[in-house]
Amino acid sequence: MPLITRLFLKSGLIFFICSLIIALLLQIDSVSIPSLFPLFWHTLMLGWITQIIMGVSMWMFPGRIKEESFGNQKWAWLAFIFLNIGLWLRVFAEPLIYLSELRIWKVLLVISAVVQLIAVLCYVIEIWSRVKGKKKRIKKKAGSK
């Protein structure tokens, strides 16, 4: 299994644990931070499920020649880095929007969304050429040119 796949899977598991912790916090009546509900869904859907899907798809759809192996995956690495930077920015900024009146937290949340969008675009660039149909072979009849 390639390193990039393992990192996507492990990061996804970390965000799964984060989403479970947030879900537990949501069940406590004394904790009333309005941003925890969207943060829960974000860590669950983008942090866990999306990272698992990205990691497994990069493993299952290699689309590479044997000599190249998994060495040239700059778009995959950029997708991983941008997605995780964007997710962690959101984890830290979103709760602080409601706890502090500083505008910086809203700006960081917007930056987080843009960085995650860039991550998704990098992933699409990486995976697009890997998803190919089978080439049909035309058999030549004996005696024809």
Next on the checklist: I'm checking my understanding of the structure. Among residues of the range 58-80 that are charged (D, E, K, R) and either surrounded by 17 or more Cβ atoms within 10 Å (Cβ to Cβ) or outside any helix (DSSP H, G or I) (or both), which one is modelled with the highest pLDDT?
Outcome noted: R64
Next on the checklist: I need the full set of residues from the range 82-109 which are among the aliphatic types (A, V, I, L, M) and either under 20 Å from F15 (Cα atoms) or surrounded by 14 or more Cβ atoms within 10 Å (Cβ to Cβ) (or both), in order please.
Outcome noted: L83, I85, L87, L89, V91, A93, L96, I97, L108, L109
Checklist entry - Looking at the range 1-26, which of its residues are assigned to a helix (DSSP H, G or I), in contact (Cβ under 8 Å) with a residue 24 or more places away in the chain and not aliphatic (A, V, I, L, M)? => result T5, R6, F8, S11, G12, F15, F16, C18, S19
Checklist outcome for this item: Looking across the range 87-119 at residues that are small (G, A, S) and in a helix (DSSP H, G or I), the single one that is nearest to W75 (Cα to Cα) is A119
Checklist entry - What is the residue count in the range 5-43 for residues that are aliphatic (A, V, I, L, M) and closer than 13 Å to N84 by Cα? => result 4
Checklist entry - List the pairs whose first member sits in the range 27-42 and is closer than 20 Å to S112 by Cα, whose second member is polar (S, T, N, Q) and part of a helix (DSSP H, G or I), and whose Cβ atoms are under 8 Å apart, counting only residues at least 6 apart or on separate chains? => result F40/S19
Next on the checklist: among the small types (G, A, S) and at pLDDT below 90: which single residue out of G47, G143, G86, G55 fits that description?
Outcome noted: G143
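The values are calculated or read from the model by the stated rules, or taken from the named source; none is laboratory data. This structure is a prediction, so every number in the text was calculated from the model and none was measured. A quick note on method: Cβ atoms are made from the backbone with ideal geometry, for glycine too, and the neighbour counts reach across all protein chains shown.
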